[in-house]
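Engineer: One structure, pasted below without further comment.
The values are calculated or read from the model by the stated rules, or taken from the named source; none is laboratory data. Note that the coordinates shown come from a computational prediction; the quantities given were computed from them, not determined experimentally. Note that each Cβ is placed from the backbone with ideal geometry, even for glycine, and that neighbours are counted across all protein chains shown.
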Amino acid sequence: MAGSITSERAPTIEGRRAGPLIVTEDAELLDDLLRLCAAAGAHPEVYHSVPERRGSWEAAPLVLVGDDAADRCRGAVRRRGVLLVGRDQDDPGVWRRAVEIGADCVLRLPDAESWLVDRIADVVEGVGRQALTVGVIGGRGGAGASTLACALAVTAAREGRRTMLVDGDPLGGGLDVLLGGEQAEGLRWPDLAVSKGRVASGALEESLPSLRGLRVLSWDRGDAVAIRPEAMRSVLAAARRRGGVVVVDLPRRVDEATAEALAQLDVGLLVVPAELRAVAGAKRVASMAGMVLRDLRVVVRGPYAAGVDDQWIADVLDLPLAGEVPVEHGLLAALDGGAPPGDSARGPLARFCAAFWERALAGESAS
């Protein structure tokens with residue numbers, strides 16, 4: 001696949017942390033471990049026993065000790081992140097050797113290969129706090145979900161937060177257009193739609209178009225391409241491992257790929273115009289999304305129909321009220337002029353988004 005950034009082909013990213021330390025004299029096992037490190041985008045150091053260079057054992061982010069080398073590592077300094085790796089499934093002495101070297105766990109290949117690739121990639125990428133991930137869904141067509149999603153991302157990036165905007169709706173026309181970046185270089189969903197396995201988060205970030213201080217995963221102008229559920233899971237997991245914030249614009253229909261996206265959200269925002277028909281349609285969307293997403297909140301967009309207010313809509317939908325998206329006069333003219341939603345920090349839409357991030361991130365810090 002052109003432009004693939006799955007772990008099997010993960011490019012080397014400058015500034016990555018040091019790779020794992022491998023201790024073994026078993027040539028076949030070493031070949032396996034080197035292959036798994038390559039799959040995770042890691043560059044290991046290899047020794048036959050505990051390295052003599054002072055601090056090497058202690059400083060490595062992860063230590064993979066071959067079963068053949070356990071006796072030679074018995075006197076090493078005790079530390080976290082030591083894994084005893086072998087291929088003999090029936091060796092009763094393996095647990096004794098693991099205890100003797102202070103290993104966190106025992107791994108048997110090939111059964112543990114997938115888990116080990118993930119663990120190696122985590123330490124190489126320096127995984128810390130995952131991104132706060134917010135999904136935006138329209139209660140009906142034309143509700144303004146894409147506009148709000150873009151405004152949230154633009155506002156977060158303007159405030160200095162590491163931000164990624166993911167367009168999960170293949171029929172939405174492409175969020176890069178709203179940001180004025182349809183000609184920007186970088187991968188789009190058709191390049192990633194059949195991805196499987198782990199996607200390296202650093203490589204994902206580097207490969208996407210950079211627009212308005214944020215990274216955008218959108219669509220090209222070609223025919224619609226179905227996103228495999230595995231691809232949605234892998235790409236969003238990689239986006240979340242970057243930290244910061246991730247905003248996902250989602251379609252109203254809940255297919256398998258959308259369900260995967262909903263499962264990775266921390267918060268969902270259901271945008272509902274303040275009119276009776278929109279509320280009726282939003283109730284069906286809320287019912288479907290709520291089967292997967294636990295924290296779904298309603299955002300009401302005016303103008304209001306007679307007898308309708310934001311709290312009444314929240315009560316009808318049985319959802320907590322996240323707020324009211326204010327009417328921003330001149331928004332369409334600004335979009336026509338190339339300015340994305342939320343571009344004006346003093347505008348009512350940007351102020352709403354700034355207040356939302358302040359509350360959401362304050363709640364995350366307290367948790």
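Engineer: Out of (1) closer than 19 Å to Gly144 by Cα; (2) at pLDDT below 90, what's the single condition that is false for Ala314?
Structural biologist: Among (1) closer than 19 Å to Gly144 by Cα; (2) at pLDDT below 90, Ala314 violates only (2).
Engineer: Within region 185-213, how many residues are in a helix (DSSP H, G or I) and either within 17 Å of Ala153 (Cα to Cα) or touching a Phe, Trp or Tyr at 6+ places or on another chain (Cβ under 7 Å) (or both)? Step through it out loud before you land on a result.
Structural biologist: In the first step, residues of region 185-213 are kept if they are in a helix (DSSP H, G or I); the result is 189-192, 201-207.
Next, only the ones that are either within 17 Å of Ala153 (Cα to Cα) or touching a Phe, Trp or Tyr at 6+ places or on another chain (Cβ under 7 Å) (or both) stay: 189, 205.
Residues that pass the stated criteria total 2.
Engineer: Could you list all residues from region 171-198 that are touching a helix residue (DSSP H, G or I) at 6+ places or on another chain (Cβ under 7 Å) and either closer than 19 Å to Ala334 by Cα or surrounded by 18 or more Cβ atoms within 10 Å (Cβ to Cβ) (or both)?
Structural biologist: Residues satisfying the conditions are Gly172, Leu175, Leu178, Leu179, Glu182, Gly186, Leu187, Leu192, Ala193, Ser195, Arg198.
Engineer: While we're on this one: Condition first: touching a strand residue (DSSP E or B) at 6+ places or on another chain (Cβ under 6 Å), in a helix (DSSP H, G or I) and of a type in the set (Ser, Thr, Tyr). Now tell me which residues in region 133-158 satisfy that. Steps first, answer last, please.
Structural biologist: Here is the first cut: in region 133-158, the residues touching a strand residue (DSSP E or B) at 6+ places or on another chain (Cβ under 6 Å) are 133-139, 143-146, 148-149, 152-153, 156-157.
Then keep just the ones that are in a helix (DSSP H, G or I); that gives 145-146, 148-149, 152-153, 156-157.
The answer is Ser146, and nothing else.
Engineer: Determine if region 329-337 includes at least one residue that is closer than 30 Å to Gly180 by Cβ, surrounded by 15 or more Cβ atoms within 10 Å (Cβ to Cβ) and at pLDDT 95 or above. Break it down stepwise before answering.
Structural biologist: Taking region 329-337 first, the residues closer than 30 Å to Gly180 by Cβ are 329-337.
Those left that are additionally surrounded by 15 or more Cβ atoms within 10 Å (Cβ to Cβ): 331, 334-335.
From the residues that got through so far, the ones that are at pLDDT 95 or above too are none.
Scanning region 329-337 turns up no residue that is closer than 30 Å to Gly180 by Cβ, surrounded by 15 or more Cβ atoms within 10 Å (Cβ to Cβ) and at pLDDT 95 or above.
Engineer: Filter region 124-154 for residues that are farther than 22 Å from Arg233 by Cα, within 19 Å of the chain's Cα centre (by Cα) and among the hydroxyl-bearing types (Ser, Thr, Tyr) and give the result.
Structural biologist: none
Engineer: From the list Val235, Val154, which one is buried (at least 19 other Cβ atoms within 10 Å of the Cβ), at pLDDT 90 or above and within 17 Å of Thr258 (Cα to Cα)?
Structural biologist: Testing whether each residue is buried (at least 19 other Cβ atoms within 10 Å of the Cβ), at pLDDT 90 or above and within 17 Å of Thr258 (Cα to Cα) leaves just Val235.
Engineer: Still on this structure, please answer the following. Can you tell me which of Val271, Val298, Val247 is assigned to a strand (DSSP E or B) and within 15 Å of the chain's Cα centre (by Cα)?
Structural biologist: Val247
This table checks each residue for (1) over 25 Å from the mean Cα position of the chain (by Cα); (2) of a type in the set (D, E, K, R); (3) assigned to a loop (DSSP other than H, G, I, E, B); (4) surrounded by 14 or more Cβ atoms within 10 Å (Cβ to Cβ).
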{"position": "Ser287", "(1), (2), (3), (4)": "no, no, no, no"}
{"position": "Asp315", "(1), (2), (3), (4)": "yes, yes, no, no"}
{"position": "Glu324", "(1), (2), (3), (4)": "yes, yes, no, yes"}
{"position": "Phe356", "(1), (2), (3), (4)": "no, no, no, yes"}
